[in-house]
2 protein chains.
Amino acid sequence: MGKVFKERTSVDEALRLFLEHISTLRKVEEVTLESCKGRVLAEPVVSERNVPHYRRAAMDGYAVRASDTLGASPANPVMLQLSDQIEEGSTIWVHTGAAVPEGADAVVMVEDTATAGNLVEVRAQVYPNRNIGQVGEDIKKGDRVFEEGHLLRPCDAAVLASIGFNRVKVFKKPLVAVIPTGDELVSCKDNRDVPPPGKVLETNGLMSALYVEKWGGVPRCTEIVPDNPDSIKKAVETNLDADMILLLGGTSVGKRDHAPEVVSTLGELLVHGIGVSPGKPTALGIVNNVPVVCLPGYPVAGLIALYLFVHPGIRKLAAIPELPELILKRRLVAKISSKIGYVGFVRVVFEGDKVRPLVGAGAGILSSVAKADGYVLVPEHIEGYEEGEEVDVFLIE
Amino acid sequence: MGKVFKERTSVDEALRLFLEHISTLRKVEEVTLESCKGRVLAEPVVSERNVPHYRRAAMDGYAVRASDTLGASPANPVMLQLSDQIEEGSTIWVHTGAAVPEGADAVVMVEDTATAGNLVEVRAQVYPNRNIGQVGEDIKKGDRVFEEGHLLRPCDAAVLASIGFNRVKVFKKPLVAVIPTGDELVSCKDNRDVPPPGKVLETNGLMSALYVEKWGGVPRCTEIVPDNPDSIKKAVETNLDADMILLLGGTSVGKRDHAPEVVSTLGELLVHGIGVSPGKPTALGIVNNVPVVCLPGYPVAGLIALYLFVHPGIRKLAAIPELPELILKRRLVAKISSKIGYVGFVRVVFEGDKVRPLVGAGAGILSSVAKADGYVLVPEHIEGYEEGEEVDVFLIE
């Protein structure tokens with residue numbers, strides 16, 4: 001009954017250990033360009049064609065032999081003959097994007113011309129290749145257009161389409177099993193009534209599943225598992241086909257906290273007890289090469305474990321490239337206190353161009369997150385921030 | 001043939017005019033909590049229940065009458081009798097989250113106790129309400145939990161579930177008709193071969209549709225419409241059931257550029273010719289209260305019109321709240337030149353902790369966007385930035 005955390009690992013060290021044990025999946029699937037957005041390329045893309053594949057007029061105007069326009073100016077125009085083929089002294093109308101006729105090596109833009117019957121008055125001299133998009137100017141046959149690991153954006157889909165792709169090979173999304181545990185839980189699926197005292201609606205499963213989805217995984221939620229080691233063990237074992245397992249609840253050191261023990265029985269418990277507040281009871285482990293995160297049942301603590309460990313874990317599994325972190329700098333309208341030795345997760349709301357910390361909101365108060373716009377992470381070695389200090393604010397996503 | 005842009009509107013003024021003509025849709029639909037992520041609440045949410053709905057133990061430990069623990073300390077413990085109901089001198093074991101038994105007004109954490117048979121040795125004094133989560137501590141019955149217009153995040157879904165919701169009313173996503181126009185276009189759907197010279201694969205439709213989707217709209221792509229005013233007119237008319245129409249191509253001042261004229265015939269052309277480079281031929285209008293964006297056919301110019309006008313337009317239609325802009329500050333490794341009078345859209349790639357502008361990439365070179373990590377917008381009144389200057393970089397999404 002008097003169990004306590006044997007150790008406390010820093011957030012950075014816990015994350016390092018966890019990621020060290022995670023291998024990128026590299027399972028491949030083909031998707032259509034319509035559904036490739038946000039996916040990660042599983043192969044480099046090399047173009048098998050030129051874009052454009054013909055010499056293309058870059059302007060509406062007249063295709064000419066550049067040498068025919070030598071010296072042309074408004075005061076001293078050159079007259080060319082409209083024709084259906086290009087030879088000395090002749091010209092053909094082209095619109096933007098049209099193929100430049102053979103024999104022509106430049107396009108005079110329409111604004112520099114006037115027409116009179118079959119004659120075109122050219123009022124500006126053009127050099128060879130002027131207003132012509134060369135074959136392969138955008139993409140050359142053989143060009144390596146994208147590297148493996150590239151995160152596909154809508155504009156990239158258009159590039160792929162332009163070189164003749166309609167499907168593309170991407171890494172499969174990791175399957176993440178979400179297993180809520182706890183005798184006190186009742187499913188919120190079919191329960192619209194207030195449960196009896198001592199029973200609570202299970203909501204961490206939904207929250208975890210939606211974050212998994214947002215971060216590029218495929219969640220698979222299981223039934224609620226009761227608080228006993230055998231049931232939890234069985235639940236983990238039957239979900240070892242997943243690429244990551246989230247065990248929700250039962251991570252502390254109480255009588256009914258079996259999750260970390262089950263992980264250590266079935267595989268390797270890497271960390272139990274992390275220097276973050278709330279979130280201390282988080283545990284991380286590996287069973288059969290499947291990373292397992294034991295998330296505290298208290299919803300705010302669970303949320304922090306999602307942000308700090310599940311998100312980077314999914315990113316590594318799925319080979320999702322890191323983008324530069326976009327950080328919002330804001331001044332505090334009130335001081336923040338934080339416990340030395342723990343990274344403090346402080347919820348804040350925007351107030352004009354500053355932020356206000358939400359105080360008195362414990363790990364169980366999920367509505368404090370719903371009210372918050374963002375959060376500040378106070379490093380473990382400092383006691384907090386003063387009113388007026390500028391802090392890094394992360395948006396609650 | 002000698003048509004030119006009659007005017008050039010600044011980006012800010014064009015956007016202001018455009019948004020002024022757009023009304024938020026406020027069409028409502030119900031979605032499940034599983035699919036509410038990223039949606040905008042169409043009604044305020046008021047809780048009809050307390051969370052927690054019972055007095056909940058915040059710790060594993062012993063429920064007591066606080067007055068029974070008066071003066072208790074390790075040196076001077078108080079002995080209480082394990083029981084099944086609380087009266088003077090008795091105690092009941094409770095685990096975290098359990099209902100606190102009637103009569104008890106505090107919980108002594110297990111770490112401050114020891115047991116011997118039916119006796120519990122209490123080594124710390126507790127005050128009333130200690131380690132008890134009160135009824136409604138998280139959310140009180142009648143609390144306004146979310147305002148209308150709130151953008152729902154996964155943690156918010158959990159809050160909604162905790163107060164008994166399983167569906168929620170959100171604003172409908174705007175339907176955006178995407179209409180590619182151009183005689184030179186061939187669909188990339190069933191065309192895996194290189195088209196004949198003068199013909200190009202239509203890829204702006206795919207790009208636009210994927211951005212619309214990303215930004216919270218529902219794209220509806222039409223067939224390719226030929227370059228004649230009647231066909232374009234008909235295409236616009238048959239898509240007036242949409243909430244926004246994108247006309248792709250035919251926006252310039254050439255012989256085959258009919259899109260802006262069609263808009264002005266059917267409704268009101270607000271702007272044609274915008275001070276941004278590339279992107280100048282962009283036109284904005286309103287037909288039957290439906291906002292219409294005419295996007296240049298050149299893919300990079302089209303992309304800019306998507307970023308600058310379509311995205312804010314969808315946001316206003318859908319009532320998607322503005323988040324604080326997250327801006328990346330980076331120094332340039334090379335100078336940027338830009339035309340006075342035009343906002344310059346300069347693609348950049350990351351190079352260590354700096355950015356390098358991609359040079360020589362015209363409006364037709366979509367691969368320059370594919371190669372880019374981000375872009376810099378050079379304001380219209382300045383000629384560019386020097387090497388080493390710090391600039392705001394937007395990620396290409």
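Would region B:345-360 turn up any residue that is of a type in the set (Gly, Ala, Ser) and touching a residue at least 24 places away in the same chain (Cβ under 8 Å)? No. Within region B:339-356, the residues that satisfy the criterion of being away from chain A (no Cβ under 14 Å) and among the basic types (Lys, Arg) are B:LYS339, B:ARG356.
Residues in region B:85-112 that are at pLDDT 95 or above and among the hydroxyl-bearing types (Ser, Thr, Tyr) were compared, and the one that is surrounded by the fewest Cβ atoms within 10 Å (Cβ to Cβ) is B:SER90. Evaluation of A:LEU119 against the conditions (1) hydrophobic (A, V, I, L, M, F, W, C); (2) more than 10 Å from chain B (Cβ to nearest Cβ); (3) buried (at least 21 other Cβ atoms within 10 Å of the Cβ) shows that the sole unmet condition is (3). Here B:VAL107 meets each of (1) touching a residue at least 40 places away in the same chain (Cβ under 8 Å); (2) over 24 Å from A:THR181 (Cα atoms) with one exception, condition (2). Based on this model, can you work out whether A:SER337 counts as small (Gly, Ala, Ser), within 27 Å of the chain's Cα centre (by Cα) and not assigned by TED's automatic domain parsing to the domain that holds A:LEU17? Considered against the rule, which asks whether it is small (Gly, Ala, Ser), within 27 Å of the chain's Cα centre (by Cα) and not assigned by TED's automatic domain parsing to the domain that holds A:LEU17, A:SER337 comes out as no. Limited to region B:228-251, what total is found for residues that are surrounded by fewer than 18 Cβ atoms within 10 Å (Cβ to Cβ) and either within 14 Å of another protein chain (Cβ to nearest Cβ) or within 32 Å of the chain's Cα centre (by Cα) (or both)? Qualifying residue count for the region: 5. Only one of these is surrounded by fewer than 24 Cβ atoms within 10 Å (Cβ to Cβ), free of Cβ contacts under 8 Å to residues at least 60 places away in the same chain and small (Gly, Ala, Ser): B:GLY275, B:GLY285, B:GLY254, B:GLY267. Name it. Within the list B:GLY275, B:GLY285, B:GLY254, B:GLY267, the selection yields B:GLY267.
Can you work out which of the residues in region A:17-30 that are surrounded by 14 or more Cβ atoms within 10 Å (Cβ to Cβ) and either at pLDDT below 95 or under 21 Å from the mean Cα position of the chain (by Cα) (or both) is nearest to A:THR251 (Cα to Cα)? So, considering only residues that are surrounded by 14 or more Cβ atoms within 10 Å (Cβ to Cβ) and either at pLDDT below 95 or under 21 Å from the mean Cα position of the chain (by Cα) (or both), the one nearest to A:THR251 (Cα to Cα) is A:PHE18. Of the residues that make up region A:186-199, is at least one surrounded by 22 or more Cβ atoms within 10 Å (Cβ to Cβ) and among the charged types (D, E, K, R)? No, region A:186-199 has no match at all.
In region B:130-160, the qualifying residues are those that are at the interface with chain A (Cβ under 9 Å from one of its Cβ atoms) and more than 18 Å from A:GLU397 (Cβ to Cβ), and the one that is surrounded by the most Cβ atoms within 10 Å (Cβ to Cβ) is B:ASP138. The residue pairs whose first member lies in region B:362-383 and is facing chain A (nearest Cβ under 8 Å) and touching a residue at least 40 places away in the same chain (Cβ under 8 Å), whose second member is surrounded by 21 or more Cβ atoms within 10 Å (Cβ to Cβ) and of a type in the set (S, T, N, Q), and whose beta carbons are closer than 8 Å, counting only pairs six or more residues apart or on different chains, are B:LEU366/A:SER162; B:LEU366/B:THR203.
Criterion applied to B:GLY302, B:GLY344 was being out of contact with any helix residue (DSSP H, G or I) (no Cβ under 7 Å at 6 or more places or on another chain), small (Gly, Ala, Ser) and at negative phi, and the one residue passing it is B:GLY344. Keeping to region A:321-338, report how many residues are part of a loop (DSSP other than H, G, I, E, B) and more than 14 Å from every other protein chain (Cβ to nearest Cβ). Adding up the residues that qualify gives 4. Only a single criterion out of (1) more than 10 Å from chain A (Cβ to nearest Cβ); (2) within 24 Å of B:HIS311 (Cβ to Cβ); (3) surrounded by fewer than 22 Cβ atoms within 10 Å (Cβ to Cβ) is not satisfied by B:CYS221, namely (1).
Would you confirm whether any residue within region B:35-50 is under 21 Å from the mean Cα position of the chain (by Cα), outside the structural domain of B:ASP143 (by TED's automatic domain parsing), surrounded by 14 or more Cβ atoms within 10 Å (Cβ to Cβ) and in contact (Cβ under 8 Å) with a residue 24 or more places away in the chain? Checking region B:35-50: not a single residue is under 21 Å from the mean Cα position of the chain (by Cα), outside the structural domain of B:ASP143 (by TED's automatic domain parsing), surrounded by 14 or more Cβ atoms within 10 Å (Cβ to Cβ) and in contact (Cβ under 8 Å) with a residue 24 or more places away in the chain. A:VAL359 passes every criterion in (1) facing another protein chain (nearest Cβ under 10 Å); (2) over 28 Å from the mean Cα position of the chain (by Cα) apart from (1).
If a residue must be out of contact with any strand residue (DSSP E or B) (no Cβ under 9 Å at 6 or more places or on another chain) and in contact (Cβ under 8 Å) with a residue 60 or more places away in the chain, how many such residues does region A:154-190 contain? Looking only at that region, the number is 2. When we screen A:PRO154, A:PRO174 for residues that are on the phi < 0 side of the Ramachandran plot and touching an Asp or Glu at 6+ places or on another chain (Cβ under 6 Å), the only hit is A:PRO174. Taken over region B:104-116, the residue count meeting the criterion of being assigned to a loop (DSSP other than H, G, I, E, B) and within 11 Å of chain A (Cβ to nearest Cβ) is 0. Checked against the criterion of being closer than 18 Å to A:LEU328 by Cα and at pLDDT 95 or above, the candidates A:VAL355, A:VAL346 yield just one match: A:VAL355.
The values are calculated or read from the model by the stated rules, or taken from the named source; none is laboratory data. Remember, it's a predicted structure, so these values are computed and weren't measured experimentally. Quick reminder, even Gly has a Cβ in these numbers, built from the backbone with ideal geometry, and neighbours come from all protein chains shown.
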